[in-house]
Amino acid sequence: MIDGRIINYILSIASGIESIGEVIAGTNKEKQVIEIIKKNLEDHVDELWIEHVPVTSWREEVCVVETINGSYPCAIHPPYQGVIDEEVGYDKIISMDLDKLENKGITKIDISDKIILIDIPRDPDDIATVAYILSQYSPRLIVIRDRGESLRRIVVLDNVVALYREARQLNIPVVHVGRGIGMIDKLVGSRIYAKSMRFKSYGYNFIAKLHKRYDKYIYITAHHDHWLSGGSDNIMGISIIIALSEILKDINIDNGIVLASFTAEEGFPENITSFYWLVGSRYHINRHVNELVDNTALAINIDVVYKEPLVASTPSTIVRNMITSYSKDILLEYDDIIFDSFSFSSIGIPSVTFNTFKKTLEEGVYHSNRDFVYNISTEVVWHTIKSIYLLINNYMASIRNNEFINVYNINVDVQSILQRVLPSELLLNIYRVHKMFNKLRERLERPKCMYFINLFNRIINTSYVDRDIGKKLGIREGTDLIKCNENIIPLPIGTEFKNSSECYRNINFNLELLAYILFKYY
């Protein structure tokens, strides 16, 4: 199924895309990537087309630190638009440590109209929080100093909670420098000059179909835009998609395959919101929601493939059951709002993202100019392709052999919930739905089983973020089973309950509706 030729083919495609450079949605470089995808897919698929997606695009025209010893590159954190031109003097720059920022030591210092030099947080995405906190004290410019010599791009806005609500660029520019130049004695006497712009444009979703004769489809997706070098995030994902077209074209399958390459996963929508990512996949879902809900059996996303261990991020009981049936070396996590699979799971489609996201954080290549294709492990590339192939085969086998009742069960999720400290009425409703479904699933048709499990998953899964986001570092969005807490904000809707009891009542109500629907099939 997978041999050295396929791996070499993937690396060849990846190197070609990498040579284009940074690919931002709505730019000419995105068109170049689309041409590469089209050229490599058109001979293997039955049909292909392009969706034009309204986006806000962004471009850095220049970013440089000029010193008496030479010029050094820097990077602007998007979506800032404007010109930065600062002469750095001892009286203009203040070095600040992260502890002082978190422990409110900043309130004892006047940083108004100053250039602030501060180290990168352990999690690069916390640059957004650092900038948000500092911006409230009106500095002139924020300079993030990397741990090494990497440059990075992290989106910084005036709202750090991922919601469908309008957001704007910070009124304070934020630039990134390598550690070598990022010292007070080297910056003093220098000139920091940078320029960037935003503009309305169109990104491109590339959609291709294999085995078009079938009505039901399995989606395999990745995003093709990337900040800076983007080797693992997500040049490799797109290259794997292209290789899968050759692997899957002759597979014995009773479903169609849709290969989708999405634009603007990194941002931005036409009207920028604080939930600024997953733009292409959300656009595709919104345009085809009824068709997708009726005809999509499974959505498999590929993102941030770098080095082992391979992780499957999924909210779907069905997908978890299938993966555990054939693999013990894939780590399972709940779905994450950062991946395009979230767009599918949000409308109830079983979905999963194969990724090694945490490894890119550990090794410091995330959203940097050092995320190169040659650093990516070919073993994890092979593992990803094999896992996708086995997942599709396992899904098809469960249908053909009428074994879907072994996969379509909610036992593990229910056991996990019943072990938690939750209101007794909620636990009873969970137990009741579980018993009713177990009695019915052996005589229900497969689509009905899938429908009920998908509804159950949507009821019990909560995407959220701690309310301290924007005040503390180290806070990330998460997904968990039945998360009702006054200290969290549900994402991305932002529905805020008065207290946890109101949240539990809402879940109870939905469970009672599900039980009523199940009762009709008794």
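Before we move on, is A264 surrounded by fewer than 24 Cβ atoms within 10 Å (Cβ to Cβ) and either outside the structural domain of H77 (by TED's automatic domain parsing) or part of a loop (DSSP other than H, G, I, E, B) (or both)? Can you show your working first?
Values: surrounded by fewer than 24 Cβ atoms within 10 Å (Cβ to Cβ): no; either outside the structural domain of H77 (by TED's automatic domain parsing) or part of a loop (DSSP other than H, G, I, E, B) (or both): yes.
So A264 does not fit the description; no.
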Q: Look through G182, G189 and report the one residue that is in contact (Cβ under 8 Å) with a residue 24 or more places away in the chain, in a loop (DSSP other than H, G, I, E, B) and within 17 Å of D97 (Cα to Cα).
A: G182
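Can you tell which of I115, I127 is buried (at least 20 other Cβ atoms within 10 Å of the Cβ), in the same structural domain as V88 (by TED's automatic domain parsing), over 13 Å from L98 (Cα atoms) and not basic (K, R)?
Of I115, I127, the one residue that is buried (at least 20 other Cβ atoms within 10 Å of the Cβ), in the same structural domain as V88 (by TED's automatic domain parsing), over 13 Å from L98 (Cα atoms) and not basic (K, R) is I115.
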Q.
Checking the structure you have, find out if any residue of the stretch 61-75 is outside the structural domain of R370 (by TED's automatic domain parsing) and closer than 30 Å to I241 by Cβ.
A. yes
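Quick one: is I13 at pLDDT below 95, assigned to a helix (DSSP H, G or I) and either surrounded by 15 or more Cβ atoms within 10 Å (Cβ to Cβ) or not aliphatic (A, V, I, L, M) (or both)? Lay out the reasoning, then the answer.
Working: at pLDDT below 95: no; assigned to a helix (DSSP H, G or I): yes; either surrounded by 15 or more Cβ atoms within 10 Å (Cβ to Cβ) or not aliphatic (A, V, I, L, M) (or both): yes.
Answer is no for this residue.
So which of G230, G189 ends up being surrounded by fewer than 22 Cβ atoms within 10 Å (Cβ to Cβ) and either in the same structural domain as V156 (by TED's automatic domain parsing) or at pLDDT 95 or above (or both)?
On the way: G230 fails: surrounded by fewer than 22 Cβ atoms within 10 Å (Cβ to Cβ).
Result: G189 is the single residue among G230, G189 that is surrounded by fewer than 22 Cβ atoms within 10 Å (Cβ to Cβ) and either in the same structural domain as V156 (by TED's automatic domain parsing) or at pLDDT 95 or above (or both).
Given the criteria surrounded by fewer than 17 Cβ atoms within 10 Å (Cβ to Cβ), under 28 Å from I338 (Cβ atoms) and of a type in the set (K, R), does R140 qualify?
In short, no.
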(Q) Out of D43, D126, I need the residue that is within 27 Å of the chain's Cα centre (by Cα), among the acidic types (D, E) and outside any strand (DSSP E or B). Which one? (A) D126
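For the stretch 420-450, give me the residue count where each residue is of a type in the set (F, W, Y) and free of Cβ contacts under 8 Å to residues at least 60 places away in the same chain.
We begin by selecting, within the stretch 420-450, every residue of a type in the set (F, W, Y); these are 431, 437.
Of the ones still in play, those that are also free of Cβ contacts under 8 Å to residues at least 60 places away in the same chain are 431.
Qualifying residue count for the region: 1.
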Q | Members of the stretch 471-509 that are closer than 19 Å to D125 by Cβ, surrounded by 16 or more Cβ atoms within 10 Å (Cβ to Cβ) and not aliphatic (A, V, I, L, M) | A | E477, G478, T479, P492
(Q) When you scan the stretch 479-489, do you find a residue that is β-branched (V, I, T) and under 30 Å from I106 (Cβ atoms), even just one? (A) yes
Q. Tally time: how many residues in the stretch 70-106 are surrounded by fewer than 12 Cβ atoms within 10 Å (Cβ to Cβ), touching a residue at least 24 places away in the same chain (Cβ under 8 Å) and not in a strand (DSSP E or B)?
A. 1
**Q.** Counted residues, the stretch 211-261 - those being over 17 Å from the mean Cα position of the chain (by Cα), part of a loop (DSSP other than H, G, I, E, B) and among the aliphatic types (A, V, I, L, M)
**A.** 2
Q. Mind checking which residues of the stretch 351-379 are touching a helix residue (DSSP H, G or I) at 6+ places or on another chain (Cβ under 9 Å), surrounded by fewer than 22 Cβ atoms within 10 Å (Cβ to Cβ) and in a helix (DSSP H, G or I)?
A. F357, K359, L361, V373, Y374, N375, T378
Q.
With the requirement that a residue be crowded, with 24+ Cβ neighbours inside 10 Å and closer than 15 Å to S281 by Cβ, what does the stretch 205-219 give you?
A. N205, Y219
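Could you list all residues from the stretch 173-189 that are closer than 19 Å to V62 by Cβ and out of contact with any Gly (no Cβ under 8 Å at 6 or more places or on another chain)? Break it down stepwise before answering.
Just the residues of the stretch 173-189 that are closer than 19 Å to V62 by Cβ, to begin with: 173-178, 181-182, 187.
Within the stretch 173-189, V174, V175, H176, V177, I181, G182, L187 meet the criteria.
The values are calculated or read from the model by the stated rules, or taken from the named source; none is laboratory data. Values in this document were obtained by computation on a predicted structure and should not be read as measured data. In this analysis, Cβ positions are derived from the backbone assuming ideal geometry, glycine residues included, and neighbour counts consider all displayed protein chains.
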